[in-house]
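Chemist: Below are the structure tokens for one structure; questions will follow.
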Amino acid sequence: MTKVLVVGGGVAGCATALALHQAGIPAVVYEAHPSGGDDAGAFLTVMANGMAALEVIGADRCVVDASYPAGAVELFDAEGRHLRHRAIEGPARTLRRATLYRVLQDFAAARGVRVVHGKRMVDARRADGGGGVEVRFADGGRAEGDLLVGADGIHSRTRHLIDPQAPTPRYTGQHVVYGYADGNPAGSASDAYHMVFGSRAFFGFTAPGDGRTWWFARVTGERRPGGTTAEQSRDLALAAVRDDTTPAAAIIQATGAAVVGGDSYDIPTTPHWHDDRMVLVGDAAHAASPAAAQGASMALEDAVALAAALREHPDPAVAFTAYTALRRQQTEETVAASAQLARGHGSTPDST
Ligand SMILES: Cc1cc2nc3c(=O)[nH]c(=O)nc-3n(C[C@H](O)[C@H](O)[C@H](O)COP(=O)(O)OP(=O)(O)OC[C@H]3O[C@@H](n4cnc5c(N)ncnc54)[C@H](O)[C@@H]3O)c2cc1C
């Protein structure tokens, strides 16, 4: 029976292993981090298409239990004028990215899927004398399987093993800051996102019901290759919203150390999603800027599509080709739409 090695235990990796397991194909997940996703991190919205994919693998309920509803977007200008109301279609849910990782990893373990932490894949090659693949880890360990799924995110090692000329991530022109402020100073409804087309930044916030306001700012500017401290990112966001007549500055000022920021990247196209033994899913294949709020949902859809293709086609090369044909165009279009939104310095969670 085919055994699949899944590299990366994030959204795409766990979902792929679960979908394969459901299709009767054994899979083991190898995750570089020593424990479940603990980054202070960003939050995200799983949109209706992502929730539908979760439902297929039976993981929708546990994600719903760990998240908050996202039902509408209220758009404002830099003077605080309400521009419009938009309903978010379907059962969209907001949660921290680290929570989504943890929930999916726990659910995978409960279903009997092994998720091995502390295993950073550094190399993979055809196994000696067979048609399989051997993976090598940074700790000196090895694993053998029939196929390798690269779910190792935007800086994917697998992408470059499949194609040494594969593109590297592109800077989107924006520094993205996420924070969690005490209270709900703007009095926003618990299932609504408020989004502000500020004069120098796009600012969004929601108060989902945990006593805090979750916010993000997308600040256009040069890359900061050396990275930024939480304080620097917070100051950057504050400086970009300070002149606007909106609650943004007050929300940022009500935020302590719970801030994280970084330059945002995307991957408009990856020419080779697979060879005969290795295949990419999620950000490893098609990372979008956060503006379209589709990265996690697309990763979940990939997982379901890849497992269905492998179930249907016994020859992996045929399955990988079918999977790529199904997913490439749609995901590339979403990445492009997200980049355009980011350039226009806006976004909404329901914009795709
Ligand atoms: C700031 C920000 C905001 C976002 N907002 C949204 C949003 O609102 N909605 C949305 O849908 N998406 C959003 N996204 C995108 C979303 O987070 C990603 O698209 C999604 O996490 C992709 O899942 P993935 O599993 O492909 O990659 P990741 O979630 O990055 O997971 C990759 C995993 O692989 C592991 N890994 C990496 N290299 C190796 C290796 N060599 N060996 C073993 N393991 C490895 C990593 O540790 C990680 O756990 C946002 C992204 C960012 C950065």
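The values are calculated or read from the model by the stated rules, or taken from the named source; none is laboratory data. It should be emphasised that the depicted structure is a prediction, and the values quoted were computed from it without experimental measurement. Note: ideal-geometry Cβ built from the backbone for every residue, glycine included; neighbour counts use all protein chains shown. Quick note on the areas: whole protein, heavy atoms, side chains included, nothing else; ligands and nucleic acids left out. Shrake-Rupley method; radii C 1.70, N 1.55, O 1.52, S 1.80 Å.
Chemist: Within the group 111, 97, which residue is farther than 22 Å from residue 279 by Cα, surrounded by 14 or more Cβ atoms within 10 Å (Cβ to Cβ) and modelled with pLDDT under 95? Explain how you work it out, then say what you get.
Modeler: On the way: 111 fails: modelled with pLDDT under 95.
Every option except 97 fails the conditions.
Chemist: Further question: Limited to segment 72-91, what total is found for residues that are surrounded by 15 or more Cβ atoms within 10 Å (Cβ to Cβ) and in contact with a Phe, Trp or Tyr (Cβ under 9 Å, 6 or more places away or on another chain)?
Modeler: Summing the residues that are surrounded by 15 or more Cβ atoms within 10 Å (Cβ to Cβ) and in contact with a Phe, Trp or Tyr (Cβ under 9 Å, 6 or more places away or on another chain) in segment 72-91 gives 8.
Chemist: Could you please let me know if residue 322 is free of Cβ contacts under 8 Å to residues at least 12 places away in the same chain, open to solvent by 10 Å² or more (accessible area, probe 1.4 Å) and in contact with a helix residue (DSSP H, G or I) (Cβ under 7 Å, 6 or more places away or on another chain)?
Modeler: Details: free of Cβ contacts under 8 Å to residues at least 12 places away in the same chain: no; open to solvent by 10 Å² or more (accessible area, probe 1.4 Å): yes; in contact with a helix residue (DSSP H, G or I) (Cβ under 7 Å, 6 or more places away or on another chain): yes.
For residue 322, the condition - free of Cβ contacts under 8 Å to residues at least 12 places away in the same chain, open to solvent by 10 Å² or more (accessible area, probe 1.4 Å) and in contact with a helix residue (DSSP H, G or I) (Cβ under 7 Å, 6 or more places away or on another chain) - is not met.
Chemist: Okay, moving on. Return the residues of segment 276-318 that are over 23 Å from residue 44 (Cβ atoms) and either touching a Gly at 6+ places or on another chain (Cβ under 6 Å) or touching a residue at least 12 places away in the same chain (Cβ under 8 Å) (or both); say none if nothing qualifies.
Modeler: Listed by number, the residues that qualify are 276, 277, 278, 279, 308, 309, 310, 311, 316, 317.
Chemist: Which residues, counting only those in segment 128-172, are within 12 Å of the ligand (Cβ to nearest atom), among the hydroxyl-bearing types (Ser, Thr, Tyr) and open to solvent by 20 Å² or more (accessible area, probe 1.4 Å)?
Modeler: Once the filter is applied, which keeps residues that are within 12 Å of the ligand (Cβ to nearest atom), among the hydroxyl-bearing types (Ser, Thr, Tyr) and open to solvent by 20 Å² or more (accessible area, probe 1.4 Å), segment 128-172 yields only 172.
Chemist: Which ones in segment 50-81 are in contact with a strand residue (DSSP E or B) (Cβ under 6 Å, 6 or more places away or on another chain) and not aliphatic (A, V, I, L, M)?
Modeler: Within segment 50-81, 67, 68, 74, 76, 77 qualify.
Chemist: Inside segment 183-249, counting only strands (runs of 3 or more DSSP E) that do not spill past its ends, which hold 1 or more residues that are of a type in the set (A, V, I, L, M) and more than 18 Å from residue 71 (Cα to Cα)?
Modeler: 201-206, 212-220
Chemist: Just one of 339, 288 is aliphatic (A, V, I, L, M), touching a Pro at 6+ places or on another chain (Cβ under 8 Å) and either within 12 Å of the ligand (Cβ to nearest atom) or under 28 Å from residue 98 (Cα atoms) (or both); which is it?
Modeler: None of the others qualify; the one that does is 339.
Chemist: Could you check how many residues of segment 1-35 are over 21 Å from residue 314 (Cα atoms), more than 6 Å from the ligand (Cβ to nearest atom) and open to solvent by 10 Å² or more (accessible area, probe 1.4 Å)?
Modeler: The number of residues fulfilling the criteria is 2.
Chemist: Separate question: Surrounded by fewer than 23 Cβ atoms within 10 Å (Cβ to Cβ), at pLDDT 95 or above and among the small types (Gly, Ala, Ser) - does that describe any residue in segment 228-239?
Modeler: The answer is yes; a qualifying residue exists.
Chemist: Name every residue in segment 272-304 that is open to solvent by 10 Å² or more (accessible area, probe 1.4 Å) and under 17 Å from residue 318 (Cα atoms), in order of residue number.
Modeler: Scanning segment 272-304 gives 272, 274, 275, 276, 277, 278, 304.
Chemist: Same structure, new question: Checking residue 234 against (1) in contact with a Gly (Cβ under 8 Å, 6 or more places away or on another chain); (2) near the ligand (Cβ under 10 Å from one of its atoms); (3) under 30 Å from residue 78 (Cβ atoms), which single condition isn't satisfied?
Modeler: (2)
Chemist: Among the listed residues 109, 70, 48, identify the single one that is within 30 Å of residue 24 (Cβ to Cβ) and within 19 Å of the chain's Cα centre (by Cα).
Modeler: Values: 109 fails: within 19 Å of the chain's Cα centre (by Cα); 70 fails: within 30 Å of residue 24 (Cβ to Cβ).
Only one candidate qualifies: 48.
Chemist: Something else now. Would you mind stating whether residue 98 is more than 9 Å from the ligand (Cβ to nearest atom) and within 17 Å of the chain's Cα centre (by Cα)?
Modeler: The answer is yes for residue 98.
Chemist: Does segment 291-304 contain any residue that is within 16 Å of the ligand (Cβ to nearest atom), under 18 Å from residue 165 (Cβ atoms) and among the hydrophobic types (A, V, I, L, M, F, W, C)?
Modeler: No, the conditions are met nowhere in segment 291-304.
Chemist: Among the residues of segment 203-242, write down those that are under 19 Å from residue 88 (Cβ atoms) and of a type in the set (Ser, Thr, Tyr).
Modeler: If the condition is that a residue be under 19 Å from residue 88 (Cβ atoms) and of a type in the set (Ser, Thr, Tyr), then 206, 213 are the ones that fit.
Chemist: Anything in segment 267-301 that is in a strand (DSSP E or B) and in contact with an Asp or Glu (Cβ under 9 Å, 6 or more places away or on another chain)? List them, or say none.
Modeler: Within segment 267-301, the first condition is being in a strand (DSSP E or B), and the residues that meet it are 274, 278-280.
Scanning segment 267-301 gives a single hit, 280.
Chemist: Now for a separate question. Looking at 289, 297, can you tell me which residue is modelled with pLDDT under 95 and in contact with a strand residue (DSSP E or B) (Cβ under 8 Å, 6 or more places away or on another chain)?
Modeler: Exactly one residue qualifies, and that residue is 289.
Chemist: With 220, 229, 246 as the choices, which residue is touching a residue at least 12 places away in the same chain (Cβ under 8 Å) and either farther than 15 Å from residue 79 by Cα or of a type in the set (A, V, I, L, M, F, W, C) (or both)? Before the answer, list the steps.
Modeler: Details: 229 fails: touching a residue at least 12 places away in the same chain (Cβ under 8 Å); 246 fails: either farther than 15 Å from residue 79 by Cα or of a type in the set (A, V, I, L, M, F, W, C) (or both).
It is 220.
Chemist: Checking the conditions here, which among 90, 41 is within 10 Å of the ligand (Cβ to nearest atom), on the phi > 0 side of the Ramachandran plot and modelled with pLDDT under 95?
Modeler: None of the other options fit; the residue is 41.
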